[in-house]
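First up is the structure itself, then whatever we jot down about it.
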Amino acid sequence: MAALTLARAGLRVRLIDRARFPRDKLCGDTINPGSLALLDRLGVGAGIRAAGIPVRGMTVTGPNGASVIAEYPADIAGVALTRRVLDQALVDAAIGAGAEFDDGLTVTRAVVSEASRVTGVFVRCGGAEHEVRARLVIAADGRASRLAGSLGLSAFAPRPRRWAFGAYFEGVTGVTARGEMHVRKDGYIGVAPLAGGITNVCIVRGLDAVRGAEADDRGADLVRSARASLTRLAPRLAEDGQLRDRFAHATQITDVAVLGPLAVDAQGSGWPGLLLAGDAAGFVDPMTGDGLRFAIRGGMLAADAAMREVATGAAQHAALDRRRRREFAGKWRVNRALRALVGSPSGVALAARVAQYWDLPIRSLVAIAGDVALAQTVDRREQSTGPSLA
Ligand SMILES: Cc1cc2nc3c(=O)[nH]c(=O)nc-3n(C[C@H](O)[C@H](O)[C@H](O)COP(=O)(O)OP(=O)(O)OC[C@H]3O[C@@H](n4cnc5c(N)ncnc54)[C@H](O)[C@@H]3O)c2cc1C
């Protein structure tokens with residue numbers, strides 16, 4: 001999003017990713033209505049809608065059989081599509097706007113000048129490390145950001161230590177045009193419909209057993225030991241009284257992808273010469289399914305700050321931090337509260353009991369998590385003023 005916005009503004013942009021594209025990425029694969037509205041605003045929403053299928057709300061269930069169906073307002077929807085397709089479409093849009101794209105190139109660390117300013121990055125190519133100079137660097141390298149981590153701007157949160165395990169299935173029954181969040185005493189299970197009868201399943205749970213090796217390569221050893229703990233999702237789904245029948249004849253069609261620890265705390269939004277965007281700027285928990293909203297809007301804000309920095313020469317990371325806090329702080333509070341609730345078995349049990357008789361709080365949370373208000377605001381603004389990028 002940052003590359004697209006900056007390239008459109010006429011800046012020379014080099015976009016670097018260590019993966020070869022198209023690439024898979026463990027995710028719930030739902031773009032909530034607010035995120036989709038932001039993509040519309042950037043002029044890429046229509047293609048993404050056409051490639052995916054609409055998501056019209058959420059079904060939330062609890063461990064006691066409680067179940068709440070929360071539909072978005074009639075004219076509002078999100079979209080479900082794999083990150084393989086979504087991220088390639090976004091990269092194509094950035095290239096189309098003039099960005100140069102180098103995939104298969106790993107950034108190892110920032111180049112920091114004697115004046116303590118980031119002036120580029122080191123990339124690993126073959127066995128060698130090369131320096132890539134840049135007037136400004138935007139780190140959008142995800143939760144385990146090397147750039148943010150190497151400058152001490154982010155670290156895995158000491159608690160909670162949760163891990164995500166995801167795979168695609170065929171033949172799941174009872175799938176609707178809603179996303180699903182099944183909250184259990186030991187974590188939660190997200191289920192999302194995809195085109196072609198495919199279903200995305202993500203299991204998130206605490207894994208205290210997977211500890212130690214904190215000083216390794218930003219979690220690679222931890223991921224290996226977490227992966228060993230859950231190689232197939234079916235046994236966990238078969239244990240679940242509410243999901244068992246729906247998965248009885250389903251087939252897991254991909255290996256299990258593993259990510260963790262999930263929560264990342266960030267200190268600030270950059271460094272002189274460096275701006276953070278997306279999960280690199282911090283990640284609370286995937287339960288609310290709104291990481292892409294922060295990533296998309298965060299990319300737009302970073303691009304805006306970058307343009308100011310290029311125009312004025314004054315470092316903008318502190319201003320970006322203030323802007324991010326102004327826009328995101330309210331939602332971060334809700335997300336942290338939900339993360340704490342899901343981490344407490346007694347809290348989950350109480351919320352599930354309340355939801356059996358009073359579903360309004362869950363319905364309101366689904367609207368907040370879906371950024372429905374943002375979708376409505378962008379829609380209204382667009383109708384009155386036409387599309388804008390700011
Ligand atoms: C289990 C799970 C389910 C989720 N479900 C949803 C959902 O349904 N909806 C939603 O909105 N959000 C969801 N999220 C959150 C969402 O996936 C993230 O918030 C989003 O992907 C953040 O985008 P990003 O661009 O910051 O990071 P990423 O998508 O992680 O992209 C980072 C990129 O940086 C590249 N990279 C990493 N390190 C380097 C390096 N050293 N050098 C070069 N390139 C590098 C990677 O290859 C990658 O392409 C979920 C997250 C998880 C873990």
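The values are calculated or read from the model by the stated rules, or taken from the named source; none is laboratory data. Here the structure is a predicted model, which is why all the values come from computation and not from measurement. Neighbour counts run over all protein chains shown; Cβ positions are idealised from the backbone, glycine included. Heavy atoms of the whole protein, side chains included, go into the accessibility calculation; ligands, DNA and RNA do not. Shrake-Rupley method; radii C 1.70, N 1.55, O 1.52, S 1.80 Å.
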Query raised in the report: So how tilted is helix 317-342 from the main axis of the chain? Cα-based, degrees 0 to 90, rounded to 10.
Result: 20 degrees
**Report entry** Charge context of Asp321, other residues only, Cβ under 15 angstrom, K/R +1, D/E -1
**Finding:** +3
Query raised in the report: So what's the net charge close to Arg133: Lys and Arg +1, Asp and Glu -1, counting the other residues with Cβ under 13 Å from its Cβ?
Result: +3
Query raised in the report: Over the chain, what relative contact order in percent results from Cα pairs under 8 Å that are six or more residues apart?
Result: 24 percent
Report task. Read phi for every residue in segment 67-82 and hand back ³J(HN,Hα) as whole Hz from Karplus 6.51 cos²θ - 1.76 cosθ + 1.60, θ = phi - 60°, with x for Gly and Pro. Result -> 9, 10, 9, 10, 8, 6, x, 3, 8, 10, 8, x, 9, 10, 7, 5
Query - Part-to-part distance (alpha-carbon centres) for segment 121-172 and segment 6-52, which is given in Å - result: 18 Å
**Report entry** Carbon plus sulfur fraction of accessible area for segment 28-140, probe 1.4 Å, in percent
**Finding:** 53 percent
Query - Carbon plus sulfur fraction of accessible area for segment 294-335, probe 1.4 Å, in percent - result: 53 percent
Report summary line: Computed for segment 1-151: size of charge dipole around the Cα centre, +1 on C-beta of each Lys and Arg, -1 on C-beta of each Asp and Glu, debye to nearest 20, value 280 debye
Query raised in the report: With every protein chain left in place, what is the accessible area per residue of segment 256-351 in square angstrom, probe 1.4 Å?
Result: 37 Å²
Report task. Find the relative contact order for segment 1-126 and round it to a whole percent, using C-alpha pairs within less than 8 Å whose residues are 6+ positions apart. Result -> 36 percent
Query raised in the report: Under a 1.4 Å probe, what is the accessible area of segment 131-185 per residue, stated in Å²?
Result: 40 Å²
Query - Dipole moment magnitude, nearest 20 debye, the chain about Cα centre, only Lys, Arg, Asp, Glu C-beta charged - result: 620 debye
Requested in this report: Considering the options Val112, Gly127, Phe101, tell which one lies farthest towards the positive end of the dipole of segment 1-136, charges being +1 on Lys and Arg and -1 on Asp and Glu at the Cβ, about the Cα centre.
Outcome: Val112
**Report entry** For peptides 260-267, 333-340, sequence by mean Cβ density within 10 Å, most packed first
**Finding:** 260-267, 333-340
